[in-house]
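Participant: A single structure is presented below for examination.
The values are calculated or read from the model by the stated rules, or taken from the named source; none is laboratory data. If you're wondering where the values come from, they're calculated on a predicted model, not measured in any experiment. Don't worry about glycine lacking a Cβ; one is built from the backbone with ideal geometry, like all the others, and counts go over all protein chains shown. Note: areas computed on protein heavy atoms with side chains; ligands, DNA, RNA excluded. Shrake-Rupley method; radii C 1.70, N 1.55, O 1.52, S 1.80 Å.
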Amino acid sequence: MPAIILLLMNWHKITLEISTRGKGLQDITSIIRAQLQNWEVREGMCFLFLQHTSASLVLSENWDPTARADLDTFMERLVPDKDAWYTHNLEGPDDATSHIRAMLTDTSLTIPVDDSDLSLGTWQGIYIFEHRSRPHLRKVLMRVMSI
Amino acid sequence: MPAIILLLMNWHKITLEISTRGKGLQDITSIIRAQLQNWEVREGMCFLFLQHTSASLVLSENWDPTARADLDTFMERLVPDKDAWYTHNLEGPDDATSHIRAMLTDTSLTIPVDDSDLSLGTWQGIYIFEHRSRPHLRKVLMRVMSI
Amino acid sequence: MPAIILLLMNWHKITLEISTRGKGLQDITSIIRAQLQNWEVREGMCFLFLQHTSASLVLSENWDPTARADLDTFMERLVPDKDAWYTHNLEGPDDATSHIRAMLTDTSLTIPVDDSDLSLGTWQGIYIFEHRSRPHLRKVLMRVMSI
């Protein structure tokens with residue numbers, strides 16, 4: 001018998017459905033973490049992909065709520081819903097602005113996994129940033145390649 | 001004979017050369033999709049990487065052209081070519097602004113593949129966002145890790 | 001004996017600790033490149049992940065220093081430390097602004113590796129963008145999946 005040394009890669013996937021409450025940042029770290037534990041992943045890479053163009057996935061400060069409040073306020077000031085020049089408003093005054101805010105932030109996140117947990121920094125949390133005024137059901141594709 | 005259960009990972013790669021028409025968003029979804037089908041990839045992760053610092057890769061709304069027009073207009077207003085304070089203008093008035101716009105958006109995209117297709121949301125398309133006034137030939141590295 | 005055809009994936013990882021000098025862009029391309037050579041990686045994907053929410057990882061122009069100077073200036077103008085409306089300032093006037101600047105840029109980078117080197121474009125360099133006024137020790141998780 002030949003000695004066969006191989007690195008067995010594992011592949012896990014799920015589509016998470018997350019209800020947002022309208023504009024703002026919503027912590028989903030515990031949801032991602034629970035899924036990793038459910039799969040018993042020890043080490044690898046976790047890929048998150050949001051299937052929408054009017055919301056974002058961001059890593060942000062997880063301790064002081066005023067940090068998230070300032071991110072909200074900044075976006076409201078930089079990309080105000082009331083600007084007169086938008087032409088894309090089929091779905092209301094938050095239509096063009098949602099796509100612009102999504103472009104300025106992230107749609108996907110790639111996070112290492114070590115010791116059976118996300119390798120986030122002490123103050124990092126994973127957030128859905130909803131840019132629509134009304135609540136939405138958002139789909140996050142979670143994929144993990146592990147060893 | 002021992003039973004050997006292993007997950008066979010496949011690796012595909014190509015460098016795509018894409019001509020842009022100057023500033024603006026250009027849909028490249030069908031190019032990426034055709035390449036996946038050509039490779040007969042069924043499931044895995046697709047990595048796109050743009051080898052330039054004066055253009056971007058973005059996921060954006062693929063139905064109403066006014067959505068893209070508003071993204072263009074927003075960038076022209078946020079990072080106008082005519083601002084007096086730029087010091088980097090060796091290649092013209094779109095030099096510093098191209099790099100700033102690239103920094104505010106994305107250079108790479110990581111997209112799941114399922115059922116032999118990109119797992120994009122209904123309204124998501126893949127775009128090259130050219131920040132230079134003149135047409136350019138842009139290189140997009142496409143890599144796929146599949147099972 | 002059955003013929004077993006398999007793609008042997010390799011997995012490398014390290015935590016890099018990098019000292020920043022306070023606000024601004026700092027080139028780390030040579031550090032990443034040296035680590036790849038140390039591991040003798042020939043081909044695959046390189047994943048970089050910054051474990052902080054007050055600094056960023058960005059790909060930017062690597063030749064003319066004025067390009068980086070303009071990125072700095074743009075951020076100082078778009079997200080000035082002196083704005084009166086910030087509520088998150090426990091750690092000083094660069095607290096809310098650091099998180100906002102991080103949100104507008106990137107926390108992770110995914111870069112192809114070919115021919116035993118990063119497949120960067122001619123003018124692309126990898127930078128840590130420190131958003132804090134004071135020097136910090138920053139952790140960059142480097143992961144490589146290679147064939």
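Participant: Quick check: with the 1.4 Å probe, what order do B:Thr122, A:Thr53, B:Thr15 take by accessible area, largest first?
Facilitator: Output order, biggest surface exposure first: B:Thr122, B:Thr15, A:Thr53.
Participant: Same structure, new question: Given H placed 1.01 Å from N in the peptide plane, which residues other than close sequence neighbours of B:Met9 have an amide H under 5 Å from its amide H?
Facilitator: Hits under the 5 Å cutoff: C:Leu7.
Participant: At a Förster distance of 30 Å, what's the computed FRET efficiency of A:Ser30 paired with C:Thr15, Cβ-Cβ distance as r, to 0.05?
Facilitator: Details: r = 24 Å, r/R0 = 0.80.
E between A:Ser30 and C:Thr15, to the nearest 0.05, is 0.80.
Participant: What relative contact order, as a whole-number percentage, does chain C give when Cα pairs under 8 Å and 6 or more residues apart are counted?
Facilitator: Normalised by residue count, the contact order of chain C is 53 percent.
Participant: Please report the carbon-and-sulfur percent of the accessible area for region A:75-147; probe 1.4 Å, protein heavy atoms only, DNA, RNA and ligands left out.
Facilitator: Carbon and sulfur atoms account for 50 percent of the accessible area of region A:75-147.
Participant: Which order do A:Glu43, B:Glu61 take when ranked by solvent-accessible area (1.4 Å probe, heavy atoms of all protein chains), largest first?
Facilitator: Solvent-accessible surface, decreasing: A:Glu43, B:Glu61.
Participant: Hey, another quick one. Mean-square fluctuation check for chain B, GNM, Cα pairs under 10 Å: which of B:Gln37, B:Gln26, B:Gln124 is largest?
Facilitator: Of the options given, B:Gln37 has the highest mean-square fluctuation.
Participant: What gaps in nm, shortest first, separate C:Thr87 from its twins in the other copies when you place the label 7 Å past Cα toward the beta carbon?
Facilitator: List, nearest first: 3.8, 3.8 nm.
Participant: Now for a separate question. For region A:1-109, with only Lys/Arg (+1) and Asp/Glu (-1) charged at the beta-carbon, what is the dipole magnitude about the Cα centre, in debye rounded to 20?
Facilitator: 300
Participant: Please find the FRET efficiency linking C:Asp117 to C:Trp85, where r is the Cβ-Cβ separation and R0 is fixed at 35 Å, and quote it to the nearest 0.05.
Facilitator: Working from the Cβ atoms, E equals 0.15.
Participant: Can you list the copy-to-copy distances for C:Gln35, using a point 7 angstrom from Cα toward Cβ, in nanometres, shortest first?
Facilitator: Values, ascending and in nm: 2.6, 2.6.
Participant: So what is the accessible area of region C:84-147 per residue, in Å², with the probe set to 1.4 Å?
Facilitator: For region C:84-147, the per-residue accessible area is 33 Å².
Participant: Something else now. What whole number of Å gives the distance from the Cα centroid of region A:55-103 to the Cα centroid of region C:112-129?
Facilitator: 32
Participant: How about A:Lys82: which aspartates and glutamates have a C-alpha closer than 13 Å to its C-alpha, ignoring those fewer than 8 places off in the same chain?
Facilitator: A:Asp94, A:Asp95
Participant: On to the next question. Using only Cα atoms and rounding to the nearest 10 degrees, what angle (0 to 90) does helix C:29-39 make with the longest principal axis of chain C?
Facilitator: Approximately 30 degrees, to the nearest ten.
Participant: Same structure, new question: Looking only at B:Pro65, B:Pro135, B:Pro112, which one moves most when chain B is put into a Gaussian network model with springs between Cα atoms under 10 Å?
Facilitator: Looking only at B:Pro65, B:Pro135, B:Pro112, the biggest GNM fluctuation is shown by B:Pro65.
Participant: A further question follows. So what does A:Trp85 come to for accessible area, using a 1.4 Å probe and Å² rounded to 10?
Facilitator: Only protein atoms counted, so the area is about 50 Å².
Participant: Now for a different question. Helix C:95-104 versus the longest principal axis of chain C: what angle, 0 to 90°, nearest 10, using Cα atoms?
Facilitator: Once rounded, the angle reads 40 degrees.
Participant: Further question: How big is the A/C interface in buried accessible area, both sides summed, 1.4 Å probe, to the nearest 100 Å²?
Facilitator: 3100
Participant: Per residue, how big is the convex hull around the C-alpha atoms of chain C? Give it to me in cubic angstrom, could you?
Facilitator: Expressed per residue, the convex hull around the Cα atoms of chain C is 127 Å³.
Participant: If you count only protein heavy atoms and use a 1.4 Å probe, how large is the accessible surface of A:Met103, to the nearest 10 Å²?
Facilitator: The value for A:Met103 is about 10 Å².
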